[in-house]
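The values are calculated or read from the model by the stated rules, or taken from the named source; none is laboratory data. None of the values given here were measured: they were computed from a predicted structure. Methodologically, a virtual Cβ is constructed for each residue, glycine included, from the backbone with ideal geometry; neighbour enumeration extends over all protein chains shown. To get the accessible areas, we keep the full protein, side chains included, count just its heavy atoms, and leave off ligands, DNA and RNA. Shrake-Rupley method; radii C 1.70, N 1.55, O 1.52, S 1.80 Å.
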Amino acid sequence: MKREGFNSKAGAIAAAAGSAVGLGNIWRFPYVTGENGGAAFLLLYVLFMILIALPVLMSEFSIGRMTGKPVTDAFKTLSPKGYWYGIGFSGVVCAFVIMSFYNVVAGWTMYYVYLSLTGKLQGLNPEEVSQTFEHTMSDPLISIFWMIIMLSLTGYVVAHGVSKGIERYSKILMPILLFLIIVVCVRSISLDTENKGIYFLLAPDFSKLSIKSVLEALGQAFFSLSLGMGTMTTYGSYISKKQNLPKSAMSVAMIDFFIAFLAGLMIFPCAFACGVNPGSGPGLVFETLPNVFNQMPMGYLISIVFFLLLVVAAVTSSISMLEVLVDFLLSRYNMKRPRATVLAVSLTIILGIGCATFSPMLDFFDNLSANVLLPLGGFFIILFVPLCIGAKKMREEMEAHGGKFKLFPVFYFLAKWVAPWAILFIFISKMLSWMGIELFA
Ligand code: PHE
């Protein structure tokens, strides 16, 4: 059977950006940055994006397109001997883990569309806004109900196939989201009369960094770009040979960073203006944004549309995870697409119920995936490049569109000598710190 592909270059970039841009940028980035002291963490994050995440993204795209196969088969095709195919399997496990908690948070977002629509967020003071979030989080029925709706939506798109579903939805809606984020940013910054939020995000205080922050900056880079579990490998397999791969990867990384950065500019000023602690954890977005909406013209409408588009951004990311699972079931068990989708969604719902009822499980899955599973997956993927593919074949793939990739030597140097060892070093430092040995004071 012929594999489906993306119809156009813009479509492929939009779909990959749709996978990258999601709750990772708007929910996770601000809360993790807030917990790790702001600007210094942002700098680390940028550094890791360029030196580690971008080379991994280029590698995933290339491996996918080189083989044209789903992630579990891609590594086996390129290296039939050895255990590299394990990367694909760990990706499948990872997709389950992330989807289960991701859709609970996405469900909260959808619940906030409902709350906005019914006017229940209107006129609340910051304390009441925080209480509303606490209530949302602590009522398992709310979380389970909306998570199931989210997963069904994701399943619906995936069941309808790659180009018709994913491509069409991502292309129209992402630019609208970007526009709204900018509007909300402007209002949030104007609320923060002392500019504390801007300082928090832009004036680095390195004394706030610990080895935990280093690992979390790395984890956030992987999570945000959907790396380390084969999502981008799978998407790479849908990209046409005529497309400039390195350039596409750079565009996706830039869009992804820009939206996370804007999300920071949107959340922190408002947090300071409304007395919400920027380090208050996973509830940060839900505890700050309703306050901005309450203080802007047409806030009622903007609140509805904003949360709705956030749902869409979450769905386009969730789709890319489900796609990994469905692609696996399709190729391995020869299932039909709708049946594979229903099976994957049902299994995820079971795991999701655990996250929805028991918030430590949600935190644990969030931590485990971003800070352990994804960077570890990324480590093996990037190691695979010099060990099993080699510079010549890699270059051929990256230049298959007929142009030259001038920065190839830089890419290859990073892939061979920097990225894998940096990931390993950060991991080992973190483990030593668990054992009480601090490499960094
Ligand atoms: N990158 C997505 C986001 O930022 C999350 C994601 C992680 C998607 C891993 C796919 C794979 O929301």
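For region 296-441, what is the convex hull volume of the alpha-carbon atoms per residue, in Å³?
So the per-residue hull volume is 274 Å³.
Computed with a 1.4 Å probe on the full set of protein chains, the accessible area for ASP192 sits at about 10 Å².
With every protein chain left in place, what is the accessible area per residue of region 44-102 in square angstrom, probe 1.4 Å?
Accessible area per residue: 31 Å².
For the chain, the relative contact order is 36 percent, taking Cα pairs closer than 8 Å that sit 6 or more residues apart in sequence and dividing their mean separation by the residue count.
Quick one: Debye curve from the C-alpha atoms of the chain, no solvent, what's log10 I(q)/I(0) at q = 0.08, 0.10, 0.12 Å⁻¹? So the normalised log intensities are -0.42, -0.66, -0.97.
When each of the peptides 68-76, 385-393, 219-227, 263-271 is scored by the mean number of other C-beta atoms lying within 10 Å of its residues, the order from highest to lowest reads 219-227, 263-271, 68-76, 385-393. Within straight-line reach of LYS212, meaning a Cα separation under 22 Å, sit the following lysines at least 8 residues removed in sequence or on another chain: LYS430.
Per residue, region 181-280 exposes 36 Å² of solvent-accessible protein surface, assessed with a 1.4 angstrom probe and all protein chains in place.
Do any trypsin sites (Lys or Arg not before Pro) in region 313-386 lie in a loop, going by DSSP, with at most 16 other beta-carbon atoms within 10 Å of their beta carbon, and if so which?
The qualifying sites are LYS336.
Rolled with a 1.4 Å probe across the full set of protein chains, the surface gives TRP84 an accessible area near 50 Å². Net charge in the neighbourhood of GLU134 (other residues with Cβ under 12 Å of its Cβ; Lys, Arg +1, Asp, Glu -1) is -4.
Pop out the carbon and sulfur fraction of the accessible area of the chain as a percent, whole number, probe 1.4 Å.
C and S atoms contribute 69 percent here.
Under 26 Å of direct C-alpha separation, and excluding same-chain neighbours fewer than eight residues apart, LYS242 reaches these lysines: LYS2, LYS9, LYS69, LYS76, LYS164, LYS171, LYS392, LYS393, LYS404, LYS406.
For a Förster distance of 45 Å, can you work out the FRET efficiency between the beta-carbons of THR118 and ASP205, rounded to the nearest 0.05?
0.60
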